[in-house]
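Comments concern the structure below.
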Amino acid sequence: MQGYFNTPDTHKYSVILPTYNERKNLPVIVWLLAKTFTENQLSWEIIVVDDNSPDGTQEIAKQLANVYGEDKVVLKPRAGKLGLGTAYIHGLNFVTGDFVIIMDADFSHHPKFIPQFIRLQKAHNLDIVTGTRYRSTSKPYTPDAKPGGVHGWDFKRKLVSRGANFLADTILNPGVSDLTGSFRLYRLPVLRHIITVTVSKGYVFQMEMMVRARALGYTVGEVPITFVDRIFGDSKLGANEIVSYAKGIWVLFTTV
Amino acid sequence: MARAHRVAAVATVVVVAYLLTLYNFLSVPLVDAQIAEQILAVLPWWLLVSFGSYSLWSIGKGLFTLRETPEAYQELLKEITEAKNDLRTKGVTVD
């Protein structure tokens, strides 16, 4: 489908980056995104939704806006830590593109996969393309996808992740191999629609988005990605997360 | 109707059919009555064990096939250094 933007690709891609204490990571992820978009001649913008980080993330965002342009790096802060789901809703108010990319700002999601997401989206006119750590080919198949995988996970982390995905897959049958991943490309109206009906928070939020997408009849493709666990800072996964995840699956099972 | 309701509906039908057969209100076609009785008695356990095996196999296979990607890590480290050097020359504060 043709877009209405004045680039070879005719579309504009808006990245929504929710941040909290990411002053170390933000400049690098913006640099990587800018490089990817420029090399592929795509029209782009990055909406930084910062939850009033005390470490000066916003100051860095302003410096980046000076370098790349205020139309490219758009800072839209919020008053405090209000959660991931509402960060996307907040960011969506300022999106000017027709596609939205959501990803983590800690470079566990590498922007180099975005062109593959876009190619798959175009080839099959998909509503959503999601990154997956668990597949070696894309779905639908394309020859240019390389096998996905993870770096920096110990055995326990792998087991929990595999178990969690197996549980969700068996109970909810969402048709997507990586439910807890959060590196995705959405058509703007599709993201707006799904996010308004999504109620969960935390880990379950990303999973609910996929389950809702399927229930609403949207088409979803998958591209294998390599996932390098946070280099700076800790990623959190404890007993509390596992319990709330299991509860989340139950809620989705009984409501969607 | 949520997925839970659909699953519950199918499960109810299956359980009722199983119980009716177990207590001889329905007969099993094409199988000798005595053999059918022996099979029916252990069928739930057989299903349970099968599902358990499938789960273990599924998770085990998933663990085994989950790739390690040290090359992606090395590439990323290089890019981070490159990015920081470039951003410094452009006047962005990087730690």
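Residues in segment B:22-38 that are surrounded by 12 or more Cβ atoms within 10 Å (Cβ to Cβ) and of a type in the set (A, V, I, L, M, F, W, C): 5 in all. Among the residues making up segment B:1-21, a single one is modelled with pLDDT under 90 and either more than 30 Å from A:Val256 (Cβ to Cβ) or exposed (fewer than 10 other Cβ atoms within 10 Å of the Cβ) (or both): B:Met1. When segment A:190-215 is filtered for residues that are within 14 Å of chain B (Cβ to nearest Cβ) and not in a helix (DSSP H, G or I), only A:Val199 remains. Within this structure, A:Val95 passes the test of being in a loop (DSSP other than H, G, I, E, B), touching a residue at least 60 places away in the same chain (Cβ under 8 Å) and away from chain B (no Cβ under 11 Å). Candidates are the residues of segment A:100-115 that are assigned to a helix (DSSP H, G or I) and more than 14 Å from chain B (Cβ to nearest Cβ); the one that is nearest to the chain's Cα centre (by Cα) is A:Ile114. Restricting segment A:135-165 to residues that are within 10 Å of chain B (Cβ to nearest Cβ) and hydroxyl-bearing (Ser, Thr, Tyr), the residue that is farthest from A:Ile118 (Cα to Cα) is A:Ser161.
Among the residues in segment A:12-29, are any surrounded by fewer than 20 Cβ atoms within 10 Å (Cβ to Cβ), modelled with pLDDT under 95, touching a His at 6+ places or on another chain (Cβ under 9 Å) and assigned to a loop (DSSP other than H, G, I, E, B)? No: zero hits. Number of residues in segment A:166-189 that are at the interface with chain B (Cβ under 8 Å from one of its Cβ atoms) and either of a type in the set (Phe, Trp, Tyr) or in contact with a His (Cβ under 9 Å, 6 or more places away or on another chain) (or both): the value is 1. A:Gly221 meets each of the listed conditions (1) closer than 23 Å to A:His11 by Cβ; (2) within 14 Å of chain B (Cβ to nearest Cβ); (3) of a type outside the set (Phe, Trp, Tyr) apart from (2).
Only one entry of B:Leu43, B:Leu66 meets the criterion of being touching a helix residue (DSSP H, G or I) at 6+ places or on another chain (Cβ under 8 Å), more than 14 Å from chain A (Cβ to nearest Cβ) and surrounded by 10 or more Cβ atoms within 10 Å (Cβ to Cβ), and that entry is B:Leu43.
When the helices (runs of 4 or more DSSP H) confined to chain B are screened for residues that are within 23 Å of A:Asp169 (Cβ to Cβ) and under 33 Å from the mean Cα position of the chain (by Cα), those reaching at least 2 such residues are found at B:3-22, B:33-65. Look at segment A:53-64: where a residue is within 8 Å of chain B (Cβ to nearest Cβ) and a partner is hydroxyl-bearing (Ser, Thr, Tyr), sitting 6+ places away or on another chain with Cβ atoms under 9 Å, you get A:Glu59/B:Thr93; A:Ile60/B:Thr93; A:Gln63/B:Thr93.
Mind listing just one residue for me: the one in segment A:122-148 that is among the basic types (Lys, Arg), part of a loop (DSSP other than H, G, I, E, B) and within 22 Å of A:Met207 (Cβ to Cβ) and, of those, nearest to the chain's Cα centre (by Cα)?
By that ranking, first place goes to A:Arg133.
Identify all residues within segment B:69-95 that are more than 9 Å from chain A (Cβ to nearest Cβ) and within 30 Å of A:Ala65 (Cβ to Cβ); write none if there are none. Those that are more than 9 Å from chain A (Cβ to nearest Cβ) and within 30 Å of A:Ala65 (Cβ to Cβ): B:Lys78, B:Thr81, B:Asn85, B:Arg88, B:Thr89. Here segment A:154-166 is the region considered, the condition is being crowded, with 19+ Cβ neighbours inside 10 Å and not hydroxyl-bearing (Ser, Thr, Tyr), and the residue that is nearest to the chain's Cα centre (by Cα) is A:Asn165.
The values are calculated or read from the model by the stated rules, or taken from the named source; none is laboratory data. Here the structure is a predicted model, which means the values were calculated and not measured. Virtual Cβ from ideal backbone geometry, glycine too; neighbours counted across all protein chains shown.
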